[in-house]
(Lines give C-alpha, C1' and ligand atoms only; values in the text may rest on other atoms or scores of the structure.)
Protein backbone atom coordinates (compact mmCIF):
# COMPACT_ATOMS: atom_id res chain seq x y z
CA UNK A 1 0.00 0.00 0.00
CA UNK A 2 1.29 3.43 -0.92
CA UNK A 3 1.53 6.28 1.54
CA UNK A 4 2.50 9.90 1.00
CA UNK A 5 5.97 9.06 2.36
CA UNK A 6 6.53 6.00 0.15
CA UNK A 7 5.37 7.85 -2.96
CA UNK A 8 7.51 10.90 -2.17
CA UNK A 9 10.58 8.69 -1.75
CA UNK A 10 10.32 7.53 -5.36
CA UNK A 11 11.75 9.20 -8.46
CA UNK A 12 9.83 9.86 -11.64
CA UNK A 13 10.77 7.74 -14.63
CA UNK A 14 9.65 7.84 -18.24
CA UNK A 15 6.15 6.39 -18.53
CA UNK A 16 4.30 5.26 -21.64
CA UNK A 17 1.42 3.41 -20.05
CA UNK A 18 -1.31 5.16 -18.11
CA UNK A 19 -2.46 3.92 -14.73
CA UNK A 20 -5.36 1.50 -14.67
CA UNK A 21 -8.59 2.81 -13.17
CA UNK A 22 -8.31 0.16 -10.42
CA UNK A 23 -5.00 1.69 -9.24
CA UNK A 24 -6.46 5.16 -8.63
CA UNK A 25 -8.27 4.73 -5.28
CA UNK A 26 -5.15 3.62 -3.37
CA UNK A 27 -3.04 6.37 -4.92
CA UNK A 28 -5.67 9.02 -4.20
CA UNK A 29 -5.83 7.79 -0.59
CA UNK A 30 -2.06 8.34 -0.35
CA UNK A 31 -2.39 11.91 -1.67
CA UNK A 32 -5.09 13.52 0.50
CA UNK A 33 -6.99 16.40 -1.03
CA UNK A 34 -5.96 15.60 -4.59
CA UNK A 35 -8.63 14.69 -7.07
CA UNK A 36 -8.90 13.74 -10.70
CA UNK A 37 -10.55 16.44 -12.81
CA UNK A 38 -10.62 16.37 -16.58
CA UNK A 39 -8.00 13.63 -16.69
CA UNK A 40 -5.55 15.56 -14.49
CA UNK A 41 -4.53 15.15 -10.86
CA UNK A 42 -5.45 18.47 -9.23
CA UNK A 43 -5.28 20.34 -5.96
CA UNK A 44 -5.66 23.97 -4.90
CA UNK A 45 -3.30 25.20 -2.19
CA UNK A 46 -4.37 28.32 -0.28
CA UNK A 47 -2.12 30.85 1.44
CA UNK A 48 -2.45 34.02 3.48
CA UNK A 49 -0.77 36.28 0.93
CA UNK A 50 1.13 36.56 -2.34
CA UNK A 51 4.54 36.15 -0.70
CA UNK A 52 3.56 32.76 0.77
CA UNK A 53 2.05 31.68 -2.54
CA UNK A 54 5.25 32.51 -4.42
CA UNK A 55 7.40 30.89 -1.73
CA UNK A 56 5.44 27.67 -2.30
CA UNK A 57 5.81 27.94 -6.08
CA UNK A 58 9.56 28.47 -5.72
CA UNK A 59 9.87 25.52 -3.34
CA UNK A 60 8.01 23.15 -5.64
CA UNK A 61 9.90 24.38 -8.71
CA UNK A 62 13.10 22.74 -7.52
CA UNK A 63 11.35 19.42 -6.82
CA UNK A 64 9.43 19.23 -10.08
CA UNK A 65 12.52 20.23 -12.05
CA UNK A 66 14.62 17.54 -10.33
CA UNK A 67 12.01 14.91 -11.26
CA UNK A 68 11.51 16.42 -14.74
CA UNK A 69 7.74 16.24 -14.31
CA UNK A 70 6.16 19.66 -14.67
CA UNK A 71 2.57 20.48 -13.71
CA UNK A 72 0.27 23.17 -14.93
CA UNK A 73 0.24 25.95 -12.32
CA UNK A 74 -2.31 28.71 -11.90
CA UNK A 75 -0.95 31.28 -9.45
CA UNK A 76 -3.06 34.03 -7.92
CA UNK A 77 -2.65 36.28 -4.88
CA UNK A 78 -3.36 33.60 -2.27
CA UNK A 79 -3.81 30.36 -4.23
CA UNK A 80 -1.88 27.98 -6.39
CA UNK A 81 -3.78 25.42 -8.44
CA UNK A 82 -1.61 22.45 -9.42
CA UNK A 83 -2.60 20.07 -12.23
CA UNK A 84 -0.46 17.04 -13.08
CA UNK A 85 -0.72 14.69 -16.02
CA UNK A 86 1.77 12.67 -18.03
CA UNK A 87 2.01 13.68 -21.68
CA UNK A 88 3.91 10.56 -22.78
CA UNK A 89 1.21 7.99 -21.86
CA UNK A 90 -1.53 6.69 -24.13
CA UNK A 91 0.57 7.07 -27.24
CA UNK A 92 1.29 10.72 -26.49
CA UNK A 93 -2.36 11.60 -25.84
CA UNK A 94 -1.71 12.02 -22.12
CA UNK A 95 -3.25 10.65 -18.97
CA UNK A 96 -2.25 9.83 -15.43
CA UNK A 97 0.83 7.85 -14.45
CA UNK A 98 2.55 7.02 -11.19
CA UNK A 99 4.74 10.11 -11.80
CA UNK A 100 1.76 12.37 -11.15
CA UNK A 101 1.17 10.81 -7.75
CA UNK A 102 4.89 10.79 -6.86
CA UNK A 103 5.07 14.54 -7.48
CA UNK A 104 1.76 15.19 -5.71
CA UNK A 105 3.13 13.42 -2.64
CA UNK A 106 6.31 15.52 -2.77
CA UNK A 107 4.23 18.70 -2.97
CA UNK A 108 2.21 17.55 0.03
CA UNK A 109 5.38 17.28 2.11
CA UNK A 110 6.47 20.75 1.03
CA UNK A 111 3.06 22.22 1.82
CA UNK A 112 3.10 20.57 5.25
CA UNK A 113 6.34 22.44 6.07
CA UNK A 114 4.80 25.79 5.16
CA UNK A 115 1.48 27.42 5.77
CA UNK A 116 -0.45 26.00 2.82
CA UNK A 117 -3.84 24.47 3.23
CA UNK A 118 -6.29 23.02 0.75
CA UNK A 119 -8.70 25.65 -0.42
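Some values worked out for this structure:
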quantity: Meets criteria (in contact (Cβ under 8 Å) with a residue 24 or more places away in the chain, more than 15 Å from residue 102 (Cβ to Cβ) and assigned to a helix (DSSP H, G or I)) for residue 53; calculated: yes
quantity: Residue that is surrounded by the most Cβ atoms within 10 Å (Cβ to Cβ) [pool: residues in the stretch 56-79 that are in contact (Cβ under 8 Å) with a residue 40 or more places away in the chain and under 16 Å from residue 113 (Cα atoms)]; calculated: 56
quantity: So residue 102, is it at pLDDT below 95, within 21 Å of residue 3 (Cβ to Cβ), within 11 Å of the chain's Cα centre (by Cα) and not in a loop (DSSP other than H, G, I, E, B); calculated: no
quantity: Where a residue in the stretch 32-44 is on the phi > 0 side of the Ramachandran plot and its partner, wherever it lies, is at pLDDT 95 or above and outside any loop (DSSP other than H, G, I, E, B), with Cβ under 7 Å and at least six apart; calculated: 33/43
quantity: The stretch 68-84: number of residues that are farther than 12 Å from residue 44 by Cβ, touching a strand residue (DSSP E or B) at 6+ places or on another chain (Cβ under 8 Å), at pLDDT 95 or above and not in a strand (DSSP E or B); calculated: 1
quantity: Residues (surrounded by 14 or more Cβ atoms within 10 Å (Cβ to Cβ) and either over 12 Å from residue 97 (Cβ atoms) or under 12 Å from the mean Cα position of the chain (by Cα) (or both)) located in the stretch 13-38; calculated: 27, 28, 30, 31, 33, 34, 36
quantity: Whichever residue in the stretch 39-50 is touching a strand residue (DSSP E or B) at 6+ places or on another chain (Cβ under 8 Å) and not in a strand (DSSP E or B) and, among such residues, is surrounded by the most Cβ atoms within 10 Å (Cβ to Cβ); calculated: 47
quantity: Residue within the stretch 7-27 that is at pLDDT below 95, under 17 Å from residue 113 (Cβ atoms) and part of a loop (DSSP other than H, G, I, E, B) present; calculated: yes
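The values are calculated or read from the model by the stated rules, or taken from the named source; none is laboratory data. Every value quoted in this text rests on a predicted model; they were computed, and no experiment measured them. Positions of Cβ are generated from backbone atoms using ideal geometry, with glycine treated the same way; all protein chains shown enter the neighbour counts.
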